[in-house]
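Readers should treat all values here as calculations from the given coordinates under stated rules, not as data from a laboratory. If you're wondering where the values come from, they're calculated on a predicted model, not measured in any experiment.
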Amino acid sequence: MSKYRITVEGKTYEMDVELIGANGAAVQPVAKAATPAPAVSAPKAAPAPVAAKPAEVGSGSVVAPMPGTILKVLKATGDSVKAGEVVLILEAMKMENEITAPVDGTIESLSLNEGSTVAGGDLLFDVK
């Protein structure tokens, strides 16, 4: 038997784990949780920032879902796009997010450059 310690949602548990044979003949619990160890208080989270007021948008308008930096611009004003086609890549929290066209049409306005920063709710582009 091996002992392991695991933390789930801030509670720490010690577990005894027993290996069961490949033929499955031994039907025993694989892991048995012990009583939770005393929890250490997590620091209180800062209050959530107030979201920026979203831009006035239409059905083909796309706004930034979160603040970030434009990594790549794959389309330009006047290009035709299909619904779901990637128009640009927005990097936020070290993750690359594909921003897609919501409808089939032509990109009406797209004035962002690679390296531009945007706030959550900023208008990214319009498709008409």
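Per-structure values
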{"quantity": "5 angstrom amide H check on L110, placed H, neighbours 5+ away", "calculated": "T77"}
{"quantity": "q = 0.13, 0.16, 0.19, 0.29 Å⁻¹, segment 61-127: log10 I(q)/I(0) [Debye, one scatterer per Cα]", "calculated": "-0.29, -0.44, -0.62, -1.40"}
